[in-house]
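Comments concern the structure below.
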Amino acid sequence: MAQFPSDFQWGFATASYQIEGSVDIGGRGPSIWDTFCKIPGKISDGSSGDVATDSYRLYKEDIELLKFYGVKAYRFSLSWSRIIPIGGRNDPTNPEGITFYSTLIDELLKNNITPYVTLYHWDLPQGLHDRYGGWLNKEEIVKDYVNYAKICYTAFGDRVKNWITFNEPWCISCLGYQKGVFAPGHKSGTEPWIVAHNVILSHAYAVKLYREEFKAVQGGQIGITLDCHWQLPYDESPENIEAARRGIDFKLGRFADPIYKGYYPDRVKAVIGDRLPQFTAEEIAVVKGSSDFFGLNTYTSQIVQDGGDDETTGFVKIGFTRPDGSQLGTQAHVSWLQTYPPGFRSLLNYLWETYQKPIYVTENGFTVKDESKISLDNALHDAPRVEYFNGYAEAMLQAVTEDGVPVKGYFAWSLLDNFEWADGYETRFGVTYVDYATQKRSPKLSGMFLKQWFADHVKA
Ligand code: PNW
């Protein structure tokens, strides 16, 4: 049987605002997501992360679950406003918040689970948004983010050896500042490009600091996580083949090309023109080569056609229907996701050919249609999620063992059902069912499946 090498990492991913709750406990300051959830109509079920899976209090239960699934690693994110409640470089830190994460890290290590820590998974301190416009203000935000990163390296870097600076800059900029469906809910043609630029710079200067002041002593690695779905042209027409390339550049290349190659993609420059900020020579020298690995979040593939009016996609129409009317795969609870494992293998090959960095799949997962509406017993028998993970895990194994792509780790999204942003709690991505009335956690079949699959497919 084909297997991954023995040092292959696997586990589950979560994010602070989606699981912690306790938003005004332990000295935490508010984040832009606390504020955003209070705007009527923004969250489909009117909910928020106020309680979520209550993991700030129940983190030991979460670690028990991780042990039960037999993981080697766990990816979670830090809440910036738990560590620095207002957020800025001259604002006080919160010792209680630092102790919380320190204890979590110790407990993981005690159980032989390697922490993979994301510094920023979308919950900007509200204080910085109010003070100077948050991600829109280059001079301030880069310095404040680097200061926050420094506090984290200092407090946790003796034990944390795997750092992820940002989760999904595309979602931060396009969903937060262009479509307005994520915090802070802006709708603008210029802001997403400014925000994306400032996120790239914040990432790069935080990596520079780690490499110059911490890496030699702490010996860790640091990189960024980008999100991308594989794009298949609708047909063989030159316009649609070109649309698929442009779509990948607008989703991924706009971040990956500066970071791994040192420049914005031509296809993006051609469309965005002078709305695309420029890097100074000094900045681009810091940005180029600023990630030790390729962190990838991927959920689906898309069938694309030239045209439409959506700049976030690069003026590419996205669907799942082939010319003959057939669907790409099994439809998930959310409209943007269908199961298609071959696209995952293609994407892994594309990333390795294009960027030549070892890959960590930092998120991959599925949400079963109507899982919130069926009985607990039926929800626990999540066959479509098992089918999804089986297909994606096999595709990744083939990419590694047959195609030679260096995938080093895999984190399924998610350990638990949790607060699914604008979709609230009805959309469930967990391999563990959460009864929100009692906070009782129950493993689903998919969790059991992954436990067995990785036990079988990673060399001892
Ligand atoms: C990711 N899309 O977000 C996030 O990193 C997670 O926090 C989230 O829970 C997970 O995927 C599931 O949605 C995405 O519209 C948000 O294509 C939106 C999209 C993809 C991923």
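The values are calculated or read from the model by the stated rules, or taken from the named source; none is laboratory data. As the structure is a computational prediction, the values presented were derived from the model and not from experiment. Heads up, the Cβs are rebuilt from the backbone with ideal geometry, glycines too, and the neighbour counts pull from every protein chain shown.
Structure above, values below:
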| quantity | calculated |
| --- | --- |
| Residue, farthest from Asp310 (Cα to Cα), within segment 250-273, restricted to residues that are within 26 Å of the chain's Cα centre (by Cα) and among the aliphatic types (A, V, I, L, M) | Ile259 |
| Qualifying residue in segment 259-267 (condition: in contact with a helix residue (DSSP H, G or I) (Cβ under 9 Å, 6 or more places away or on another chain), among the aliphatic types (A, V, I, L, M), under 26 Å from His121 (Cβ atoms) and away from the ligand (no atom under 16 Å from the Cβ)) | yes |
| Criterion violated by Ala422 - all others in (1) among the small types (Gly, Ala, Ser); (2) over 16 Å from Ser55 (Cα atoms); (3) within 16 Å of the ligand (Cβ to nearest atom); (4) touching a strand residue (DSSP E or B) at 6+ places or on another chain (Cβ under 7 Å) satisfied | (4) |
| Matching residues in segment 169-198 - criterion: being of a type in the set (Ser, Thr, Tyr) and outside any loop (DSSP other than H, G, I, E, B) | Ser173, Tyr177 |
| Any hit, segment 308-331, residues being farther than 22 Å from Ser173 by Cα, among the aromatic types (Phe, Trp, Tyr) and within 16 Å of the ligand (Cβ to nearest atom) | yes |
| Residue tally, condition part of a loop (DSSP other than H, G, I, E, B) and out of contact with any strand residue (DSSP E or B) (no Cβ under 8 Å at 6 or more places or on another chain), over segment 24-51 | 19 |
| Filtered residues of segment 2-50 (kept if of a type in the set (Phe, Trp, Tyr) and within 15 Å of the ligand (Cβ to nearest atom)) | Phe12, Tyr17, Trp33, Phe36 |
| Segment 199-233, residues that are under 24 Å from Trp352 (Cα atoms) and either in a loop (DSSP other than H, G, I, E, B) or at pLDDT below 95 (or both) | Gly220, Cys228, His229 |
| Residue count for segment 195-229, restricted to those that are surrounded by fewer than 21 Cβ atoms within 10 Å (Cβ to Cβ) and either of a type in the set (A, V, I, L, M, F, W, C) or on the phi > 0 side of the Ramachandran plot (or both) | 5 |
| Some residue of segment 64-72 being over 21 Å from Ala183 (Cβ atoms), assigned to a loop (DSSP other than H, G, I, E, B) and of a type outside the set (D, E, K, R) | yes |
| Flag for Trp453 being within 29 Å of Arg57 (Cβ to Cβ), at pLDDT 95 or above and crowded, with 16+ Cβ neighbours inside 10 Å | no |
| Leading residue by the ranking (farthest from the ligand (Cβ to nearest atom)) among those in segment 351-389 that are aliphatic (A, V, I, L, M) and either surrounded by 23 or more Cβ atoms within 10 Å (Cβ to Cβ) or more than 23 Å from Thr14 (Cα to Cα) (or both) | Ile374 |
| Selection from segment 76-116 of residues that are among the charged types (D, E, K, R) and surrounded by fewer than 22 Cβ atoms within 10 Å (Cβ to Cβ) | Arg89, Asp91, Glu96, Asp106, Glu107, Lys110 |
| Residue pairs meeting the criteria (Cβ under 7 Å; at least 6 apart or on separate chains; first in contact (Cβ under 8 Å) with a residue 24 or more places away in the chain and within 30 Å of Arg211 (Cβ to Cβ), in segment 157-184; second within 11 Å of the ligand (Cβ to nearest atom) and among the acidic types (Asp, Glu)) | Glu168/Asp227; Trp170/Asp227; Cys171/Asp227 |
| Elements of type strands (runs of 3 or more DSSP E) contained in segment 288-352, each with 2 or more residues being of a type in the set (Val, Ile, Thr) | 301-306, 316-319 |
| Condition broken by Gly247, with the remaining ones in (1) crowded, with 24+ Cβ neighbours inside 10 Å; (2) within 18 Å of the chain's Cα centre (by Cα); (3) farther than 26 Å from Val286 by Cα satisfied | (2) |
| Of all residues in segment 425-437 being surrounded by fewer than 24 Cβ atoms within 10 Å (Cβ to Cβ) and more than 17 Å from Phe68 (Cα to Cα), the one that is farthest from the ligand (Cβ to nearest atom) | Ala437 |
